[in-house]
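K.L.:
To start, I am sharing the structure in question, which I have written as structure tokens.
The values are calculated or read from the model by the stated rules, or taken from the named source; none is laboratory data. Quantities reported herein were computed from a predicted structural model and do not represent experimental measurements. Please note: Cβ atoms are built from the backbone with ideal geometry, for glycine as well, and neighbour counts cover all protein chains shown. In case anyone asks, the SASA skips ligands and DNA or RNA and just uses the protein heavy atoms, side chains included. Shrake-Rupley method; radii C 1.70, N 1.55, O 1.52, S 1.80 Å.
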Amino acid sequence: MKLASLKNGRDGRLVVVNKTMNRYTTVTEIAQTLQSALDNWSVCEPRLREISQALEENQIASETFDPALCASPLPRAYHWADCSAYVNHVELVRKARNAEIPESYWSDPLVYQGGSDAFLDPQEPIQIADEAWGIDFEAEVAVIVDDVPMGVSEENAGQHIQLLMLVNDVSLRNLIPQELSKGFGFYQSKPSSAFSPLAVTPDALGEAWSDGKLHLPLRVTLNDELIGQPNAGVDMTFNFPRLIAHVAKSRPLTAGTIIGSGTVSNVDRSSGSCCLAEVRMLETIADGKPKTEFMKFDDWVSIEMRDPQGQSIFGEIKQQVKPYRG
């Protein structure tokens with residue numbers, strides 16, 4: 001089942017989209033928004049599935065689906081926790097700051113709580129006041145959970161994953177070192193993130209979803225140049241159940257909480273990268289200094305995942321960097 005939120009007020013209007021992503025139908029009689037559906041998921045989910053099946057069989061009225069009309073599936077969320085499940089990426093990026101990673105990073109996930117009150121639309125410009133801040137994209141996979149009890153075990157955490165989507169977790173690389181030097185984490189260096197047009201139930205991913213990981217390439221292009229297509233299921237040190245259990249160690253998670261994987265990264269360098277910081281670090285290792293610049297105004301980034309038949313699964317995140325004028 002595939003769900004989307006059409007732009008409508010602060011929280012969008014929930015719709016069901018067919019597998020080929022060319023038709024949709026409204027479901028206001030079930031839930032006005034995705035958040036309201038998640039708040040009552042055990043009741044709403046079976047009814048949404050019935051609508052989805054009817055849509056696939058052309059037994060229900062539908063309209064042409066246009067991703068440009070979509071907000072992020074959750075235009076705002078109660079909780080957005082982004083993790084670093086790919087320790088290979090963490091190691092490379094920290095080397096760029098001349099910082100080694102502690103051994104504990106391989107056994108204890110990193111996580112930060114990001115701003116979740118104003119997510120960008122999948123095709124909304126990334127507005128930044130200054131190019132010198134080091135504008136970077138970070139392509140990730142994320143899950144949306146239902147209500148998760150505090151202290152949930154890793155064995156039970158997976159049953160709370162209800163939807164998956166893609167993320168562009170925008171970073172301002174040149175603001176990060178000063179913030180982290182204060183010992184209190186990210187804030188100014190992490191502007192609003194954007195999510196894919198569609199959120200998809202795990203069963204719709206078939207064999208690609210296994211062991212709490214999504215085993216498909218995540219394709220990233222910058223101005224139509226392929227930057228990377230690493231497989232999201234390879235070199236993922238911590239799977240999503242592990243991440244959820246970690247985040248819920250000392251607090252419950254409200255339905256609609258989003259858990260991000262962190263930047264997808266493979267040890268095999270031939271697959272490329274999902275952020276420019278990693279590209280720059282690999283250039284430094286090879287040549288002593290980076291040659292790739294961070295994003296400039298008018299640059300375009302595209303993030304997409306396709307199934308083995310070439311069909312887009314979540315729709316495309318496609319954003320252009322624009323100067324913020326105030």
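K.L.:
Of all residues in region 72-101, count the ones that are over 18 Å from Phe238 (Cβ atoms), in contact with a helix residue (DSSP H, G or I) (Cβ under 8 Å, 6 or more places away or on another chain) and open to solvent by less than 10 Å² (accessible area, probe 1.4 Å).
P.N.:
2
K.L.:
Output the number of residues of region 184-211 satisfying the condition of being farther than 26 Å from Gly134 by Cβ, touching a strand residue (DSSP E or B) at 6+ places or on another chain (Cβ under 9 Å) and open to solvent by 10 Å² or more (accessible area, probe 1.4 Å).
P.N.:
Number satisfying all stated conditions: 6.
K.L.:
May I pose another question? Tell me whether region 274-296 contains one or more residues that are within 22 Å of Leu164 (Cβ to Cβ), modelled with pLDDT of 95 or more and either assigned to a loop (DSSP other than H, G, I, E, B) or in contact with a His (Cβ under 8 Å, 6 or more places away or on another chain) (or both).
P.N.:
Checked against the condition, which is being within 22 Å of Leu164 (Cβ to Cβ), modelled with pLDDT of 95 or more and either assigned to a loop (DSSP other than H, G, I, E, B) or in contact with a His (Cβ under 8 Å, 6 or more places away or on another chain) (or both), region 274-296 yields at least one hit.
K.L.:
Here's something else I'd like to know. Condition test on Val167, is it within 27 Å of His215 (Cα to Cα), assigned to a loop (DSSP other than H, G, I, E, B) and at pLDDT 95 or above?
P.N.:
Criteria not met by Val167.
K.L.:
Follow-up. Taking region 113-152 as the search range and keeping residues that are under 23 Å from Arg280 (Cα atoms) and among the aromatic types (Phe, Trp, Tyr), which one is surrounded by the most Cβ atoms within 10 Å (Cβ to Cβ)?
P.N.:
Phe137
K.L.:
Moving on to the next point. Please verify whether region 216-227 includes one or more residues that are touching a Leu at 6+ places or on another chain (Cβ under 8 Å), in a loop (DSSP other than H, G, I, E, B) and open to solvent by less than 10 Å² (accessible area, probe 1.4 Å).
P.N.:
yes
K.L.:
Tell me, which residue of region 96-132 that is acidic (Asp, Glu) and part of a loop (DSSP other than H, G, I, E, B) is farthest from Asp298 (Cα to Cα)?
P.N.:
Here the answer is Asp108.
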